[in-house]
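K.L.:
To start, I am sharing the structure in question, which I have written as structure tokens.
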Amino acid sequence: MEKKRFKMYKAGKKWVFAPIVFFGLTALGTTSASADTVQSATPSSSSQQQIQSTNDEKQQAIQSSSVSLTSSSNNSEKTVSSSNSQPIATVKSHEVSNVKGQAATSLTSAKASTPAESVQSASRESSSSQEKMNVSSSPAKVQVMNFAVQPTQSTAATSKASSQTVKSNSKEASKVAQSASVKDAKSNSQSVSSSIKSTVASTPVEKTIQNENSAVKNSSSVSNDSNMKVSQATPVNLTPANDAQLKQNPSTEVSNVKATTNSTNTTQAATQTQRVMPVSFAASGTPYIDISQNQGYVTPDTVDISSYQPNMSVSDFQQLKKYGIKNVIVKTSQYSDYVNPYATQQIQNAEAAGLNVAVYHYAGFANPAQATQEADYLAGVLQKLNVPKDMAVICDLESSYTKNSQVGSSLSAFWKELGNKGYKNQVLYTYESYASQYPQVLNTISHNKIWMAQYPYSPTNYWNSQYGAWQYNDDGHCPGISYTFDLSHCYNPSIFARGGQAALNGQQFVNGHWQFYKNGQAVRNQYVWIGNQNKEVYYDGNGNMVYGQQNINGHWQYFDTVTGAQAKSQYVWIANQNKEVYYDGLGNMVYGQQKINGKWQYFDTVTGAQAKNQYVWIGNQHKEVYYDGLGNMVYGQQYINGHWQYFDPITGAQAKNQYVWIGNQHKEVYYDGLGNMVYGQQKINGKWQYFDTVTGAQVKNQYVWIGNQHKEVYYDGLGNMVYGQQKINGHWQYFDPITGAQAKNQYVWIASQNKEVYYNGLGNMVYGWQVIDGHKQYFDPATGAQVKNTTITIDGKKYTFDRVGNLI
């Protein structure tokens, strides 16, 4: 089985994608490059070599089976198209296969028909497609596309094992990096030395796990290739090459071909061909870090390895330990069809060196059903590799296959099935932009069990400390070891620890629930303060964090439906009950009158619902008050439901059947039994009173014309309508004893005084001589009594008046 991946080639200061596949390659690069391999059965010598390829997402993006790179012959600067320059450095692919077998030494070049794909800063991701490769010892007639690379210098390279391997610098997934500059290949320091053996009977066919957005790092052979082209080739016969031939031509090409049929008349042409450029590189812009040196970077304590580092000895691991490495993360598997053939040896040697070991699986599930199946596959692999069930098992989540709306539920299904198989010490690996796009994956597990990848240009500051570990570089080196490593720093020292429960301290996401552990024991029926999130939460009898309304110890309390944070000194709207409530400083729901933020408020004594725009009778204080739209008690004049009302400025008690002096408006008003201000004529306490029809101000010591009754009345100093004789402003006036209507231009018999008087047009009693209706009449100058039917002497002269009072 072979994974087809896209390699990002370095061309001058830029990178370009091209798919990489190896056929019949035993050596291309040495100690700085190795490949993730898988054992494959070799067909009989009579059968022809068969290779079947399928394209993945990046091949579709390229839209052609050929890729071209052009370069200047003068300055060795290769030209590519770059479509997106981002402040995060692109991260390289994780694995390239090292396939031992037969290969051709004669390959013909032609110009490519399609430009190279533009490089983008992307996630570190393994490709979705695979190629099945059956390698035989007989030559195959194929059509290939190829390009030539001419190194400027060539020297023999050494190898730790019987065959050289090609490697990418990190796991097969893209890792996000921040703000970096491309590290140039170390040119003219090393050269290609490739060895391709003529048989593959005893050599496993390796599985390529190659990443998009990446480039091959080959520290054993470095070249400034100034005249490199990728071109389409015509069909040629591949014949076995020996080591001597390859040493003479270190730029021998490696083709990605499709198998020919057994027919002598039919040949299937290869669709794509590439070669591994002998260029040493890391992800664009990430720095070269020597872990034995103090370069001012973040201190690493963890490395991860796969079949890129196939021959790590105990002494190699001891060397890592010497320079501060505590954890080694070993790749075991990928998807549901690949096992790292070196995993057992790597685990054993790392443990023999005294290092803590954890394992990781590169996931590719697209839905919960696939996730469950993939977890089953992984559990079987772990059992065959004798991986202890208390060892930390990491799900490497970055493949584009996993990127869909179901990823959260898919990952939860993966965790659940893996736990059902006994592997409960679970850790999530992903990268920052993946987590930003699909934040739901972070909610499937405790944050201190998350291993986050993000590559700064200069990792001098500690990023992503909210997680358990941070992978920050893919160009790590250790003295005495030829391999390159990904470097990580642990914030949670136990994130990769053995024992599962031993690592469970603090918040943990277990079986879809957040729980809190102290020394491996889940907290139950208890409040816990989560300091770094500034919240207090509660864990129920099952140890699960609670959400929403909860009745705890006889009190209703509320916990945020997303974060679980307890509401304290806080209002909460309970939508399904259509009410807003308040939780005090202890988090308990309040009832009745409450003074909150200096304002009196009221909450239903049964439901706790806050009173808003509502009257409330406070029985023990014998008052009715009103709470406005914010729920605050109101004071003074208030306009409510179209009526002016008044509430005591101290107690808030509503004025009902009560006069109120409004000082700032210099008026006295009256509020009826409902508390509404009254207007016009009002009979209050048995007396007619009058209130301004606009302002509500009570009329006092004032005449008022009552238009609809055609009368003018007078209200005394108390505001009461007057009746009978009244002395007003020094004048005697008269008001109807029943209606209160003032007498004007009118005779009035004052029975109690046995006299008839007359009130002029102003309503004032008249005295002395008066001409009324054309008749001269006389009224007593002291009492106002009219002179009738008599003769009297006025000023020494006698005058006679008839019976109606007219002068005769």
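Every number here is computed from the coordinates shown, using simple stated rules; none is lab data. A quick note: this is a predicted structure, and the numbers were derived from the prediction, not measured. When we count neighbours, we look across all protein chains shown, and the Cβ atoms used for this are built from the backbone with ideal geometry, even at glycine.
K.L.:
Only one of these conditions is not met by Thr430: (1) buried (at least 19 other Cβ atoms within 10 Å of the Cβ); (2) in contact (Cβ under 8 Å) with a residue 40 or more places away in the chain; (3) of a type in the set (Ser, Thr, Tyr). Which number is it?
P.N.:
Evaluating Thr430 over (1) buried (at least 19 other Cβ atoms within 10 Å of the Cβ); (2) in contact (Cβ under 8 Å) with a residue 40 or more places away in the chain; (3) of a type in the set (Ser, Thr, Tyr) leaves (2) as the failure.
K.L.:
Could you check, for region 358-375, whether at least one of its residues is of a type in the set (Asp, Glu) and over 29 Å from the mean Cα position of the chain (by Cα)?
P.N.:
no
K.L.:
Somewhere in region 298-320, is a residue within 39 Å of the chain's Cα centre (by Cα), of a type outside the set (Phe, Trp, Tyr), closer than 30 Å to Ala369 by Cβ and not in a loop (DSSP other than H, G, I, E, B)?
P.N.:
Yes: one or more hits.
K.L.:
Further, regarding this structure: If we only count strands (runs of 3 or more DSSP E) wholly inside region 327-414, which ones have 1 or more residues that are of a type in the set (D, E, K, R)?
P.N.:
327-334, 393-396
K.L.:
I'm checking my understanding of the structure. Among residues of region 795-808 that are part of a strand (DSSP E or B) and in contact (Cβ under 8 Å) with a residue 24 or more places away in the chain, which one is surrounded by the most Cβ atoms within 10 Å (Cβ to Cβ)?
P.N.:
Filtering region 795-808 for residues that are part of a strand (DSSP E or B) and in contact (Cβ under 8 Å) with a residue 24 or more places away in the chain, the one surrounded by the most Cβ atoms within 10 Å (Cβ to Cβ) comes out as Phe801.
K.L.:
Could you list, in sequence order, the residues of region 377-404 that are within 25 Å of Gln348 (Cβ to Cβ) and among the acidic types (Asp, Glu)?
P.N.:
Asp390, Asp396
K.L.:
How about region 297-327: which of its residues are farther than 17 Å from Ser482 by Cβ and of a type in the set (A, V, I, L, M)?
P.N.:
Matches in region 297-327: Val298 only.
K.L.:
Hey, does region 563-576 have a residue that's in contact with a Ser or Thr (Cβ under 9 Å, 6 or more places away or on another chain) and within 22 Å of Val634 (Cα to Cα)?
P.N.:
There is no residue in region 563-576 that is in contact with a Ser or Thr (Cβ under 9 Å, 6 or more places away or on another chain) and within 22 Å of Val634 (Cα to Cα).
K.L.:
Somewhere in region 323-341, is a residue surrounded by fewer than 18 Cβ atoms within 10 Å (Cβ to Cβ) and without any contact (Cβ under 8 Å) to a residue 12 or more places away in the chain?
P.N.:
no
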